[in-house]
1. Which ones in the range 112-144 are in contact with a helix residue (DSSP H, G or I) (Cβ under 7 Å, 6 or more places away or on another chain), more than 30 Å from Trp243 (Cα to Cα) and not in a helix (DSSP H, G or I)?
2. Considering every residue within the range 52-61, establish whether at least one is closer than 21 Å to Cys358 by Cβ and surrounded by 19 or more Cβ atoms within 10 Å (Cβ to Cβ).
3. Looking at the range 318-358, which of its residues are under 22 Å from Val69 (Cβ atoms) and part of a helix (DSSP H, G or I)?
4. Take the range 218-256 and flag every residue that is surrounded by fewer than 17 Cβ atoms within 10 Å (Cβ to Cβ) and farther than 25 Å from Ala175 by Cα.
5. Taking the stated definitions as given, is Gly301 outside any loop (DSSP other than H, G, I, E, B), at negative phi and touching a Gly at 6+ places or on another chain (Cβ under 6 Å)?
6. Please go through the range 91-111 and pick out each residue that is open to solvent by less than 10 Å² (accessible area, probe 1.4 Å) and either of a type in the set (Ser, Thr, Tyr) or not in a loop (DSSP other than H, G, I, E, B) (or both).
7. Has the range 302-309 got any residue that is crowded, with 24+ Cβ neighbours inside 10 Å and not aliphatic (A, V, I, L, M)?
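The values are calculated or read from the model by the stated rules, or taken from the named source; none is laboratory data. On a predicted model such as this, the values are computed, not experimentally measured, just so you know. In this analysis, Cβ positions are derived from the backbone assuming ideal geometry, glycine residues included, and neighbour counts consider all displayed protein chains. Protein only, heavy atoms only, side chains kept; ligands, DNA and RNA dropped before computing areas. Shrake-Rupley method; radii C 1.70, N 1.55, O 1.52, S 1.80 Å.
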Amino acid sequence: MPHYGDYQNLIYGAGLGGVVPKVPVDFATLVRRAEAAMPPYVLNYVQGGCGDEVTQERNRSAFDHWGMVPRMMVDSAARDLSIELFGMTLPTPLFMCPIGVTGICTQDGHGDIAAAEAAAATGVPLCASTLSNDPLEDVLTASGDTPGFFQLYTPRDKDLAASLVSRAEKAGYKAIVVTLDTWVTGWRPRDLNTGNFPQLRGHVLENYFGDPVFQRLLGKPVKENMAEAIGLWGRLFGKVLTWDDMAWLKSLTKLPIVLKGICHPDDARRAIDTGADALYVSNHGGRQANGGIAAIDMLPGVVAVAGEMPVLFDSGVRSGSDVVKALALGARAVGVGRPYSYGLALDGAAGAAHVLKCILAEADLMMAVNGYPTIAKVREAGAVRV
């Protein structure tokens, strides 16, 4: 039975012929290479966090104070990384987080399609962002047989929100991931210092511009009235959601509703009571609010009240060991963001797929060496604060 860790054998085998990976296998080198390859306006948007970026750094460094205790004399020659999620059996617990500028992370402006192609190549689902350079339908098609999720930035216009959700359901997405913390953007100095906000320049707005409700609201051709279309998008972006909106959100679709941004146990209880189908622990990678607690440190509190409800997680995941630690703390599925965007910048779909394969290989090998043949065994072992 092949294992994800076998990817290292392919790399070593290629090395015998003098071939080394085109894209680095470690995050630190990946970042340095991507910084040299990405245009500053894209790099700043991808890398930048809120304020002085303390929370963003905490998200990453907090993984260092969680550790795994290895168990010996356990037969881990065969590993199973599969999970059950939304009625599906997925080969791994990894998914690609929604990133609003994925589309401009590749030179051809079709980074969303490239990310979807990486999903098709690896079996790692893409959570496609509302902000996209390609229509949500085309993105899912490019994912092939790998399922996808659709992330919703809920518009202020309810008809437009309903249209986006309906399109996602008809296209075949398996869940609607509602982002709760971005009805207004946080204070992001890297972008502010350069006066750069890609959406206001017309980037990644295709899902709006191609939507029939948006076109009706604009009342004129988008391409001939780009400034007005961008202005309309700005006025419609960001509905303030409250718990009273849950019934409306649930009425829009038969798909599972996942609430992204749940970090407090009380909010987790409220989400369960109002009909959420899954919880998503995330502080938006530190991009929306500064001065907060690392997301990984808030995960156990949410898991404790979630019961059988799936808990997804992201923020600060940079490696396979990070993935395993999040699983040990109770996450059902773990999202990776910036690393795959750097892979896209360096080598398109192949680069993103390589990054995902490296993360899965490290996670698989960590489980093998530590004596955890299944994710159930990882959760049983748990993670220890060090």
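1. Once the filter is applied, which keeps residues that are in contact with a helix residue (DSSP H, G or I) (Cβ under 7 Å, 6 or more places away or on another chain), more than 30 Å from Trp243 (Cα to Cα) and not in a helix (DSSP H, G or I), the range 112-144 yields Val124, Asn133, Asp134, Ser143, Gly144.
2. Yes, because at least one residue in the range 52-61 is closer than 21 Å to Cys358 by Cβ and surrounded by 19 or more Cβ atoms within 10 Å (Cβ to Cβ).
3. Gly320, Ser321, Asp322, Val323, Val324, Lys325, Ala326, Leu327, Ala328
4. Gly219, Lys220, Pro221, Lys223, Glu224, Asn225, Met226, Ala227, Glu228, Gly231, Gly234, Arg235
5. On the way: outside any loop (DSSP other than H, G, I, E, B): yes; at negative phi: yes; touching a Gly at 6+ places or on another chain (Cβ under 6 Å): no.
Here the answer is no, as Gly301 does not meet what is asked.
6. Thr92, Leu94, Phe95, Met96, Thr102, Gly103, Gly111 - these are the residues of the range 91-111 that are open to solvent by less than 10 Å² (accessible area, probe 1.4 Å) and either of a type in the set (Ser, Thr, Tyr) or not in a loop (DSSP other than H, G, I, E, B) (or both).
7. Scanning the range 302-309 turns up no residue that is crowded, with 24+ Cβ neighbours inside 10 Å and not aliphatic (A, V, I, L, M).
The rows are residues; the columns are (1) free of Cβ contacts under 8 Å to residues at least 40 places away in the same chain; (2) under 20 Å from Phe149 (Cβ atoms); (3) touching a helix residue (DSSP H, G or I) at 6+ places or on another chain (Cβ under 9 Å).
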{"site": "Lys223", "(1), (2), (3)": "yes, no, yes"}
{"site": "Lys250", "(1), (2), (3)": "yes, yes, no"}
{"site": "Leu255", "(1), (2), (3)": "no, yes, yes"}
{"site": "Ile262", "(1), (2), (3)": "no, yes, yes"}
{"site": "Arg269", "(1), (2), (3)": "yes, no, yes"}
{"site": "Ile293", "(1), (2), (3)": "no, no, yes"}
